1. What's the carbon and sulfur percent of segment 145-211's accessible surface, probe 1.4 angstrom, rounded to a whole number?
2. Find the relative contact order for segment 210-322 and round it to a whole percent, using C-alpha pairs within less than 8 Å whose residues are 6+ positions apart.
3. Over segment 41-138, calculate the relative contact order: mean separation of alpha carbon pairs under 8 Å at least 6 apart, over the residue count, as a percent.
4. Measure of size requested: the Rg and Dmax of segment 243-352, with Cα atoms as the atom set and Å as the unit; please supply both.
5. Please enumerate, by chain and number, the lysines with C-alpha under 24 Å from the C-alpha of LYS325, excluding those fewer than 8 residues away in the same chain.
6. Check the straight Cα-Cα distances from LYS91 and name the lysines below 22 Å, setting aside those fewer than 8 residues away within the same chain.
7. If you take the alpha carbon radius of gyration of segment 37-159 and divide it by 2.2 N^0.38 Å, what ratio comes out, to two decimals?
8. Put +1 on the Cβ of every Lys and Arg and -1 on every Asp and Glu Cβ in segment 64-148; which of TYR99, ILE111, GLN78 then has its Cα farthest towards the positive end of the dipole?
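The values are calculated or read from the model by the stated rules, or taken from the named source; none is laboratory data. Everything quoted here is computed from the prediction, not taken from an experiment. Note: ideal-geometry Cβ built from the backbone for every residue, glycine included; neighbour counts use all protein chains shown. Remember, those area values only see protein heavy atoms, side chains included, never the ligands or the DNA or RNA. Shrake-Rupley method; radii C 1.70, N 1.55, O 1.52, S 1.80 Å.
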Amino acid sequence: MSRKKLGVAGAIALIVVIVAVCGFTGRRNSACKQSTGGTTYTVLEGTLESDEVDVSSKIPGRIGTMMVEEGDQVKAGQVLAVLESKEVDAKVSQAAGMYLASKAQQSQASIGMNLQARTVEDQIRQAEAGYKAAKAKLDMAMSGARPQEIEQAKASAEQAQAAYTTAKTAYNRFNGLYQDGVIPKQQEEEIELKYLSAKAQKKAADAKLNLVMEGARKEEIEAARQGVRAAEAQLSMAKDSALQVGLRAQDIVAATYKSSAAKGQLDEAEAYKSETTLIAPISGYVSAKMSDSGEIVSAGYPILTIVKSKDFKVKVYADETKFGKLKLNDTVQVIIPALGDKTFDGRILRISDAADFATHKATNEAGSFDVRSLELVVKVVGDHADLRTGMTARVRLASK
């Protein structure tokens with residue numbers, strides 16, 4: 001069929017629609033006009049349209065609970081259905097367990113580092129004290145006795161010598177008198193005991209004086225040096241053990257990274273879990289329900305369709321020779337026959353050229369021209385729960 005024949009057919013179809021509308025409203029004038037208060041109106045017919053959204057799940061599962069039916073009004077954020085997915089539940093439990101385990105490892109690493117740090121501090125303090133003691137002993141062995149110690153040793157030796165001399169004199173005087181019957185045996189034994197004790201004390205004091213005067217022997221000095229070397233080694237080992245604290249700190253860092261990764265897996269699993277609850281993305285009414293409780297649905301499969309209960313629009317076509325002066329946001333009226341010809345306020349949302357099928361082609365008459373139709377999109381103002389997509393809507397425009 002040629003484009004010219006198609007254009008003629010489209011024009012005829014448009015005329016038929018206009019005649020049908022006028023006949024339906026009981027007004028049989030060819031232009032489907034209405035006159036009110038001296039103003040002539042033209043009624044153009046269209047169909048209510050509104051935005052709609054298909055509600056589906058990102059994950060497969062069985063519908064456990066369906067909470068709405070077709071025609072129900074819903075609000076954005078309302079729970080529409082809940083899916084059952086044992087696989088998702090298992091992933092959440094597994095991820096939660098891994099996260100708790102990683103947090104425990106992180107805590108253990110932190111405790112271990114603190115204990116290691118305190119242990120190292122104690123070891124270093126003990127090693128430093130041991131080194132100081134060994135160094136002091138070596139210094140004493142190298143430098144010999146102090147003058148005060150020598151004087152004290154001399155005084156002790158002199159005191160022991162005096163006590164010894166006294167005890168010896170008494171012993172020489174009374175020794176053998178018991179046999180002569182002059183003194184009791186007990187007294188003689190006491191005098192002998194004092195003599196022997198004084199003799200031993202004198203010997204010890206003389207030895208100490210000699211030791212102080214001679215100083216430490218080479219063997220003692222070498223032993224003191226060995227003690228210093230051992231203390232130095234012990235201190236070095238204690239300081240080297242501080243490196244273990246750094247390794248413990250690295251364990252904490254690794255445990256923290258592991259915990260963060262486990263937390264991410266848990267968040268991902270919980271995000272999948274949240275997808276088992278289907279939420280209304282917009283406010284409106286349920287226009288279609290494709291699945292019901294107990295059915296298994298795949299990911300992305302539409303379960304419900306929600307149509308907005310506001311922002312209804314009507315698309316009509318108007319003759320450009322009669323309505324060419326219309327402007328955006330002009331106020332018009334929209335009549336809904338299904339609601340007893342209830343009238344709603346409307347606003348022109350868009351004006352554009354219609355497609356070729358809505359063009360009235362010229363005839364063979366001299367001086368005739370093509371007449372195009374304008375595509376008008378009218379928005380119904382306000383939120384109306386009683387409106388439904390697909391309803392017949394008539395737009396009343398003031399015409400010439």
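1. 51
2. 17
3. 19
4. In Å, with Rg to one decimal and Dmax whole: 28.6, 93.
5. Correct list for LYS325: LYS33, LYS313, LYS315, LYS361, LYS379, LYS400.
6. Qualifying lysines at Cα under 22 Å: LYS58, LYS103, LYS258, LYS263, LYS273.
7. 3.26
8. ILE111
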